[in-house]
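> Below is a structure I'd like to ask you about.
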Amino acid sequence: MKLVFVFLAFPIWVFSQQWTLDNCIDTALKNNLTLKSGLIRSDITSVNLRNSKQNLLPSLSAGATHGYNWGQTIDLFTNQFATDRVMYENFYLSSSVVLFSGLQNYYSVKSSKLSLEEQFLDQQIVERNVKIDVSAAFLQVLLNKEMILLAINNIEKTNQQYERIKELVSQSQGTKAEQLEIEAQLNLDKYLLIKAENDLKYSKLLLQQLLNVQISNGFDVSDSISEPISKLLMVDSSIAELPEIMKLEVGIQKQELALQSTKGKYYPTLSLIGSIGSGYSENNKKLTASGEYVPRSFSEQITNNLYQSVFLSLSIPIFNKNATRNQVKVKELELKSLYFDKQNEYNQLKQKIEQISLDIINISSQLEALEVVFSSASKNHDNFEIQYEAGSATFTQLIEAKNKLVAAQSELLQANYQMLFKQMILSFY
């Protein structure tokens, strides 16, 4: 495996520290509604897991009936015909447990555990994307602040030239055309400053929206970044450990369990069922010493009428219109599709990381070239200033040299921040 390192070296000026990048990321993660919703979904998945485990337990139910019979009926507790109205009561407990059903409940428990892991990986993906978005917005704010400083510096230089040319015009040593030309340049520089200030306001607004905090005009960020200046660009072996790939791997495992569970429908279902109960009937009478028939007492009947039952129930699937066979075929096809999805996601992530790595290498070479361009533009501007002072260069030539210098400064500044952003993205993978 070839490891490539890129070193970024450019000054980051430190001013008053307010919102740091770490503060912004922590706040965004804390306030992100998608992450909060994901936590609720994780709780739901945990409940589903607990439910799938409890499906392995026996069921237990209790019941009672109270009723009256009229006409000729057989009394449930005396097995005798009754023609009068008879009041009866019945009480029972029943329980059942599935002993075997093709291991469908077992696969359901394992699938629920994987769903919980899948939800955790989803959270990791969202967290990483939030970090990338916040980092991009944070760096954009810093870049716009630098562009404002650059615009202010240009205005100061142009204003100095403007004051000088005004004095020369007043002394009849300069032309009105030169004064108008530098006024136009000064107004253009002021416009660029206003544009840079508006860009800064907009970038701050976007960052605050990502943080999900109350919008404030006083919001500002720290101009320092506690990020290492060297980053490892690409490690192929780590792609398989990215949450996207791990999530798809979990999805494949879940699909395999779903396939096995569906095949379990081919097998018989064996259940154990038991019950216990008793009852009371007005028709259950006894002869007293006085020669009368009176209903036996409630407690006596409950004791005497106690009944119990235990039995096994076996259900054998014979033919269900090939429904199970078709379901198995669908699960097998879905499993094959997931393998392709995993490979496709792997390729896309690999290509994305390779592109970012190449971007960093390209930007690094561009930075070297821009340093040369900036140095040349700076020397060219200084040379035209000397020539203009000596009267061998026109003011138009001086303005052109100044604009080239400003353009070189702007390009170099943007390339520096672009390099830092690419390295930050790569550090999150």
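Read-outs: derived from the displayed coordinates by stated rules, not from any lab. Every value quoted in this text rests on a predicted model; they were computed, and no experiment measured them. Glycine gets a Cβ as well: all are built from the backbone with ideal geometry, and neighbour counts include every protein chain shown.
> Ordered by residue, what ³J(HN,Hα) values in Hz, to whole numbers, does region 361-375 give under the Karplus form 6.51 cos²θ - 1.76 cosθ + 1.60, where θ = phi - 60° and Gly and Pro are x?
Along region 361-375, the couplings run 5, 5, 5, 4, 5, 5, 4, 4, 5, 5, 4, 5, 4, 4, 4 Hz.
> Taking N as the number of residues in the chain, what is its alpha-carbon radius of gyration divided by 2.2 N^0.38 Å?
Expressed relative to 2.2 N^0.38 Å, the Cα Rg reads 1.87.
> Gaussian network model of the chain, Cα springs within a sub-10 Å range: biggest mean-square fluctuation belongs to which of Leu210, Leu335, Leu33?
Between Leu210, Leu335, Leu33, it is Leu33 that shows the largest mean-square fluctuation.
> Among the listed pairs Lys195/Lys379; Lys110/Lys352; Lys113/Lys263; Lys201/Lys247; Lys131/Lys157, which are separated by more than 31 Å between their Cα atoms?
Details: Lys195/Lys379 28 Å; Lys110/Lys352 33 Å; Lys113/Lys263 20 Å; Lys201/Lys247 39 Å; Lys131/Lys157 39 Å.
Checking Cα-Cα distances, Lys110/Lys352; Lys201/Lys247; Lys131/Lys157 exceed 31 Å.
> Would you calculate the convex hull of the Cα atoms in region 268-384 and tell me its volume per residue in Å³?
Spelled out: Cα convex hull of region 268-384, divided by residues, is 335 Å³.
> While we're on this one: Using helices alone, what [θ] at 222 nm do you get for the chain, with -39,500 (n - 2.57) per DSSP H run of 4 or more residues, divided over all residues and rounded to the nearest 500?
It comes out at -22500 deg cm²/dmol, rounded to the nearest 500.
> Sticking to Cα atoms, compute the Rg of region 331-407 to one decimal and its Dmax as the biggest Cα-Cα distance, whole number, in Å.
Here Rg and the maximum Cα pair distance are 26.1, 85 Å.
> Nearest 20 debye, what's the magnitude of the dipole of the chain about its Cα centre given +1 on Lys and Arg Cβ and -1 on Asp and Glu Cβ?
2000 debye
> Pick from Lys263, Lys352, Lys321 the residue whose mean-square fluctuation is largest in a GNM of the chain, springs joining Cα atoms under 10 Å.
Lys321
> Amide H to amide H, which residues 5 or more places from Thr20 or on other chains are under 5 Å from it, using H placed in the peptide plane?
Those lying under 5 Å, H to H, from Thr20 are Ser222.
> Picking from Phe395, Tyr429, Val372, whose Cα lies most toward the positive end of the charge dipole for region 371-429 (charges on Cβ: Lys, Arg +1; Asp, Glu -1)?
Going by the charge dipole, the pick is Tyr429.
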